[in-house]
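Peer 1: Mind looking over this structure? Questions follow.
The values are calculated or read from the model by the stated rules, or taken from the named source; none is laboratory data. A quick note: this is a predicted structure, and the numbers were derived from the prediction, not measured. With ideal geometry, Cβ positions are generated from the backbone for all residues, glycine too; neighbour counts draw on all protein chains shown.
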Amino acid sequence: MATVLITDHVFPAIDLQRKVIEAAGFTLEEIKPNCKAEYEVIQKCGRADVLLVQWAPITRRVLEALPNVKGVVRYGIGVDNIDVQGAKQLGRMVSNVPNYCQDEVSDHAISMILSLARRIPHDDNQIKHGGWGIGPFLPIPAFADLTFGLVGFGSIARKVSEKAKPFRFRQIASDPVVPAEVFAKYGVERVELDTLLRTADIISLHCPLLPQTRHMINAEAIARMKPGTILVNTARGPLVNEADLVAALKAGKIVGAGLDVFEKEPLATDSPLRSLPNVILTSHAASVSARAVDLLQIQAAEAARDILLGKRPAGALV
């Protein structure tokens, strides 16, 4: 009987996945403790026909060492931890869950944007430390006078755009792969990244982590931004050089930042980000709601089932 093997996960139970897999006549197993390293996946997953993966590294070396694996399904949208190109070359399927947490992440991003634009965390911090008055945070522009820039204009960014419209921002976006007609449909001005960096008052990151996007927000990019820019990242932590961001936050070049993701997670206890008064930090939690987590488990299991049935999952990447 074919086996779907969970390398790692953070769910309290796997009953939802088990129901899907066993109803199709297959077996579901999980590795305990979770696989965290390449060698652990190789050592423990030899019996798998399909892997269900959260954070475990699925490299080309792993795939070559596990010849029985027909496909890999990622719990989530991003596939940074999977060598997708290597899988393609080896004839293995890779799938994600493309519709996962779109409302949750867009809600989270909007919450951070509105809070920072109104200087709520700044004022909250000073009051808790004995201060009072908005003087230190002036000027506070009206939303209608701010330009909101989206870096990446995929499905989540489009939801952010729609949710931001009642707040009257001027909206611009940069994405080299999205057709011009999509920008027009959403009423968002398409611009080059350099233009966005130079003109946006609020920058929200919604792009994948690729070699060319790693540390795209660095000292050079920050130097091109307007004084008093707000930065929000609910995408991938390594898009931002945190040392450069900290320097800009301390200098006031960036007036506030909302970060749900970090270069290394969990965020180090001695990270200077933890002590800054002009940041909102959340624990890679933007994707979380009870509904979203349940659907993630079900849809990931359905993708694994489809691979075993010889079907192409809805989220197939190769």
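Peer 1: Give segment 274-290 a look and list any residue that's within 17 Å of ARG236 (Cβ to Cβ) and exposed (fewer than 15 other Cβ atoms within 10 Å of the Cβ), or say none.
Peer 2: If the condition is that a residue be within 17 Å of ARG236 (Cβ to Cβ) and exposed (fewer than 15 other Cβ atoms within 10 Å of the Cβ), then SER283, ALA285 are the ones that fit.
Peer 1: Since SER106 meets every condition but one in (1) touching a residue at least 24 places away in the same chain (Cβ under 8 Å); (2) under 30 Å from ARG305 (Cα atoms); (3) surrounded by fewer than 19 Cβ atoms within 10 Å (Cβ to Cβ), which condition does it not meet?
Peer 2: With respect to (1) touching a residue at least 24 places away in the same chain (Cβ under 8 Å); (2) under 30 Å from ARG305 (Cα atoms); (3) surrounded by fewer than 19 Cβ atoms within 10 Å (Cβ to Cβ), SER106 is out only on (3).
Peer 1: Here are some residues: GLN171, GLN126. Which one is surrounded by 14 or more Cβ atoms within 10 Å (Cβ to Cβ) and in contact with a strand residue (DSSP E or B) (Cβ under 6 Å, 6 or more places away or on another chain)?
Peer 2: GLN171
Residue-by-condition table, conditions (1) surrounded by 17 or more Cβ atoms within 10 Å (Cβ to Cβ); (2) β-branched (Val, Ile, Thr); (3) over 23 Å from LEU196 (Cβ atoms); (4) under 16 Å from the mean Cα position of the chain (by Cα):
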residue: GLN54; (1), (2), (3), (4): yes, no, yes, yes
residue: CYS101; (1), (2), (3), (4): yes, no, yes, yes
residue: ILE120; (1), (2), (3), (4): no, yes, yes, no
residue: SER155; (1), (2), (3), (4): no, no, no, yes
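Peer 1: Within segment 237-248, is even one residue more than 19 Å from the chain's Cα centre (by Cα) and either of a type in the set (Val, Ile, Thr) or closer than 15 Å to LEU116 by Cβ (or both)?
Peer 2: yes
Peer 1: Do we have any residue at all in segment 10-27 that's in contact with a Cys (Cβ under 9 Å, 6 or more places away or on another chain) and either modelled with pLDDT of 95 or more or under 24 Å from ALA290 (Cα atoms) (or both)?
Peer 2: Taking segment 10-27 as the starting set, the residues that turn out to be in contact with a Cys (Cβ under 9 Å, 6 or more places away or on another chain) are none.
No, every residue in segment 10-27 fails to be in contact with a Cys (Cβ under 9 Å, 6 or more places away or on another chain) and either modelled with pLDDT of 95 or more or under 24 Å from ALA290 (Cα atoms) (or both).
Peer 1: Before we move on, is LEU210 surrounded by 14 or more Cβ atoms within 10 Å (Cβ to Cβ) and not basic (Lys, Arg)?
Peer 2: Against the criterion (surrounded by 14 or more Cβ atoms within 10 Å (Cβ to Cβ) and not basic (Lys, Arg)), LEU210 does not qualify.
Peer 1: Oh, and also: Of everything in segment 90-121, what is part of a helix (DSSP H, G or I), in contact with a strand residue (DSSP E or B) (Cβ under 7 Å, 6 or more places away or on another chain) and farther than 17 Å from VAL288 by Cα? Give them in sequence order. Please lay out each step first, then the result.
Peer 2: Start the filter on segment 90-121 by keeping residues that are part of a helix (DSSP H, G or I), which leaves 102-117, 120-121.
Still in the list and also in contact with a strand residue (DSSP E or B) (Cβ under 7 Å, 6 or more places away or on another chain): 109, 112-113, 115-117, 121.
Result: ILE113, SER115, LEU116, ALA117, PRO121.
Peer 1: Can you tell me how many residues within segment 122-153 are part of a helix (DSSP H, G or I), among the aliphatic types (A, V, I, L, M) and either over 25 Å from LEU193 (Cα atoms) or not assigned by TED's automatic domain parsing to the domain that holds GLU181 (or both)?
Peer 2: The total comes to 1.
Peer 1: Moving to a separate point now. Residue by residue through segment 227-273, note down the ones that are loosely packed, with under 15 Cβ neighbours inside 10 Å, basic (Lys, Arg) and closer than 24 Å to LEU138 by Cα.
Peer 2: LYS250
Peer 1: Right, here's the next one. Out of all the residues in segment 80-90, is one or more touching a residue at least 12 places away in the same chain (Cβ under 8 Å), surrounded by fewer than 20 Cβ atoms within 10 Å (Cβ to Cβ) and over 30 Å from LEU52 (Cα atoms)?
Peer 2: no
Peer 1: Please work out if ILE202 is surrounded by 20 or more Cβ atoms within 10 Å (Cβ to Cβ), within 26 Å of LYS253 (Cα to Cα) and within 19 Å of the chain's Cα centre (by Cα).
Peer 2: yes
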